[in-house]
Every structure is written in C-alpha cells, then in structure tokens.
Amino acid sequence: MPTQPTPLLQRKHFLLGTFASNCSSGMSVTKVPERWQNSWENNLKLARLLDDAGIDFMLPIARWIGYGGETNFHGNVLETVTWATGLVARTQQLTVFATVHTAANHPAVVAKQIATIDQLGRGRAGLNIVAGWNNPEYEALGLRLAPDHETRYAYAEEWYQVVRKLWQDPGTFDWDGEHFRLKGIHSEPKPYGAMPPILNAAGSGLGREFATRNANFLFTPAIDLERSKEEVAQLRQSAQAKGRDVGVLTFSHVVCRPTEAEARSYLAHFGQENADWAAVDNLVNLQFAHAQSFPHDLLALIRDRMAAGHGGFPLVGTPEQVAKGIISLAEAGFSGTTLSFVDYVEEFPYFRDTVLPILRAHGLREA
C-alpha cells in the first residue's frame, strides 16, 4: 500500500485554486475581446504563476459541446486528464485535478490514468467525479442520461468503488456488480500518495450523501452566506456521522482593481453590457432542467452572476474588499474557494501581489 502523504490533504490553511482555465472564456459568459483564451500556452503560464505563488490547486471542467450564443461559450475545451498530466509535469507544488464523467470513462482506465499522473507529480493528482447532468452532452456522445438521481449516483457509487479498489487492492480480483463485471482485474502502479484527493460537486440530497461518503471535498455554490453557514455545518455533520472529515469548497469570480469604481465599471462592461445573454440563458435553462448543483429557488435570482462568473461568489472591488469577501467565505465555514478571472494570466498577478498578503496577515494563508 502506498504511504506517501498527499500534499493537498496536508494543508491546513484556507485553500485557493483556479477553476475552468481549460475552457474557452473560463467562467465568464462574455463577448469582450480580452476574454480568456484557453490555449495550452496560456494554461501553462497560469500554472507556473500559481505554482510560484503557492496557490493550492487547479480544477478543470470536462465539457464536450458548447452552450451556443454568439461565443459558443465553452465550445473550445482542453481534455482534462491530458491537461492535468501536462501541468503536473511542468510544476512543483500545485495539485491538478482531472474532471471525469463516470458514464463516459471506464473506471479501470481512469484508475490507471490518475495513478500515472500521481506518480508523475509525487502525489499531486486529484480526481473530480461527475455523475452527470448535461443531457445535450450525453446525446452528443451517444449516451443516455438517467432521468433520476438515484440511478446516476448508484452508477457513480459503483464506479468509484471499482476505482478505489484498484488503487488499494494489492492483488487481482473479480468484480460482479450491477453495472460492472470485471474478471482478473488489477491496476499497477498504485497512486504515489496514500489516496488522490477526491472532489465532487453536489446539490441534491443523494449527491451530497455520495460526496460525504466518498469525497475529500464537496463543491457547492455560495449565493447567500447566511444560508451557506447552515448548509456547510450540516454537510460537515453528515460527513462526521460517517466517520469522515470532508471540506466544503465553493467558487468565486474576481474583479480586483485599485478602486471600487474601476472594479464595478469593468464588471458592468464584461458581465452586463457585453454578456453573451443567449449562452447565459442556455446555461441557466440546462441547470433548471437537469442539475441540482444550484438551489433552484435561487437560480433565477443570479442570472447576472451566471454571466459574470458562471454563478460564482462575486469578489469585486479593491484588494481589501476582495480579501474581505474571501474572509467572509472562511467565516461561513468553507474550507476554500476557486478563483476565476476574465483573463487569468493578466489579472492574477495583481491579486497575488495585493490580496494574498492581506489573507496571510489575517491568518488564512501560510506566511
């Protein structure tokens, strides 16, 4: 059995990562010309900036077709397992997740892929498990999305149990389950770390049961922080009742400028005046139809947030205001947040130089 510590799971500070840099336009459904170009060169530049700054992880979105509109938001996407492999090979400290749809990827293949990345990065590979929600993508792949969450998560549960056994079992075994029948299967090498960190975005009750039973991190939006405080506490209690410690992560969008007026002016420019509203509405409608990642009673209220940052928590204003927003997420009980920018490479250095020192002074990040 591997015994090496897993770097991300050893960190006790408030975690910071980036989200969706493998996707065209990142998290901003905007038409502005400076919107994120998800080239390999840009992703590598970003990874090196994050690595040097001590940022904890990068998280991609696995996407197979775009959302239409004028920009075809997320129509250009770097595949996440190969993307993660390249970034782990070119960084020193950064954990890089691969996002994997259970229905489109055999668990024995994924187990070996993630173990290989983990060997390459000496414990810096992570796995984000997606049970499925986006029906047009399933149709594009010739797959059927089960209409009920029970079926989706029963499949994901068995899928992950196979992956975990392949990572942990020292020998060959047979598997005779409802969804998989495997004979004489084994997987070597094992992951370098004790176990790669597992992440799962979950909004439904069944999804959250899956996440608190299997994941190290449950990923959920922060829309109303008073509501989030209760939600995070309940999720932690649910995990503790299973004998587990599960961190709750959220996602944020950053517009940080020297003055609040500059930040709000730019937010209005890219997230209102130049939003790709057709793509936004396609995204919102799909969330309503097939997903429970966002609470449906709040989803209609955050159309503007969907344009600016895919529904992420807004961190808008001066460095002090942005830092205060991150501190408020920590006070609500979150273990960390991802960050997105209209242009990650251009905007992250200002965040690094102005916001991170405030977070360190406040004790949220290691000095």
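The values are calculated or read from the model by the stated rules, or taken from the named source; none is laboratory data. Source: prediction; values computed, not measured. All Cβ positions, glycine included, derive from the backbone under ideal geometry; neighbour counts span all protein chains shown. What goes into the accessible areas is simple: the full protein's heavy atoms, side chains included, and nothing from ligands, DNA or RNA. Shrake-Rupley method; radii C 1.70, N 1.55, O 1.52, S 1.80 Å.
Among the residues making up region 22-47, a single one is touching a Lys or Arg at 6+ places or on another chain (Cβ under 8 Å), in a helix (DSSP H, G or I) and over 23 Å from LEU9 (Cβ atoms): LEU44.
When residues in region 161-194 are screened for being open to solvent by 40 Å² or more (accessible area, probe 1.4 Å), in contact with a Phe, Trp or Tyr (Cβ under 8 Å, 6 or more places away or on another chain) and touching a residue at least 60 places away in the same chain (Cβ under 8 Å), 0 of them pass.
Being of a type in the set (Gly, Ala, Ser), assigned to a strand (DSSP E or B) and open to solvent by less than 10 Å² (accessible area, probe 1.4 Å): is that true of GLY17 here? The answer is yes for GLY17. Looking for something closer than 30 Å to ASN285 by Cβ, at pLDDT 95 or above, open to solvent by less than 20 Å² (accessible area, probe 1.4 Å) and not acidic (Asp, Glu) - is there at least one such residue anywhere in region 34-42? Checked against the condition, which is being closer than 30 Å to ASN285 by Cβ, at pLDDT 95 or above, open to solvent by less than 20 Å² (accessible area, probe 1.4 Å) and not acidic (Asp, Glu), region 34-42 yields at least one hit. Filtered by the rule that a residue be surrounded by fewer than 22 Cβ atoms within 10 Å (Cβ to Cβ), part of a helix (DSSP H, G or I) and touching a residue at least 40 places away in the same chain (Cβ under 8 Å), region 113-135 gives THR116, GLN119, ASN135.
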